[in-house]
Amino acid sequence: MYTVSKTQEGHIPFLVEGMKKLLKMHVALDGYYKVPEDGFLEDMLKKDTISFVALKDGRPVGFARGRCVIDPPDKIESFVILNDMFVEEEHRGKGVGTLLLEAFGEKAKEEGAKKIELHVDVRNEIGLKAWEASGFEIHQYRMKKDIT
């Protein structure tokens with residue numbers, strides 16, 4: 001059975017390793033991404049971070065983390081950004097992501113958010129299908145241009 005809890009300091013090493021795995025997957029999709037050697041810890045401990053871990057028998061197997069954007073300057077509805085979600089491969093397809101997304105959404109509501117937003121690489125077909133199955137809709141396209 002899986003449980004979800006707020007991320008604790010002892011979970012940080014798992015999050016760091018999970019972020020590295022997640023970024024390696026993104027690098028395989030697009031060389032634009034880089035896997036930094038450090039810097040994850042500082043980002044994970046920011047005050048506006050929402051972060052949850054999924055546990056199996058007390059051991060972390062997945063996480064979801066993001067940021068609140070309450071009262072945005074352009075007066076759109078308050079929202080949270082789901083920056084990253086990761087589930088260890090052997091635990092995928094077992095509802096872990098759904099549990100993490102539910103916990104993340106409940107915390108977002110407590111913070112006053114009306115929506116959850118996220119970015120997904122257009123080449124990440126598995127991610128696109130999973131997010132759409134979870135109720136997310138394509139809202140806008142994010143583009144880039146190399147100017148070097």
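Every number here is computed from the coordinates shown, using simple stated rules; none is lab data. Treat the numbers as computed from the prediction; the structure is a model and nothing was measured. Backbone-built Cβ (ideal geometry, glycine too); neighbour counts: all protein chains shown.
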Computed magnitude of the charge dipole of the stretch 61-148 (debye, nearest 20; Cβ of K, R +1, Cβ of D, E -1): 180
Shape category assigned to the chain from the gyration tensor of Cα positions, a/c cut at 1.5: rounded
In nm, spacing of pseudo-spin labels at Ala28 and Ile147 (7 Å Cα→C-beta vector): 3.3
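Cut-off is 10 Å between beta-carbons; in what order do Phe79, Phe136, Phe63 appear when sorted fewest neighbours first?
Phe136, Phe79, Phe63
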Burial ordering of Ile138, Ile81, fewest other beta-carbon atoms within 10 Å first: Ile138, Ile81
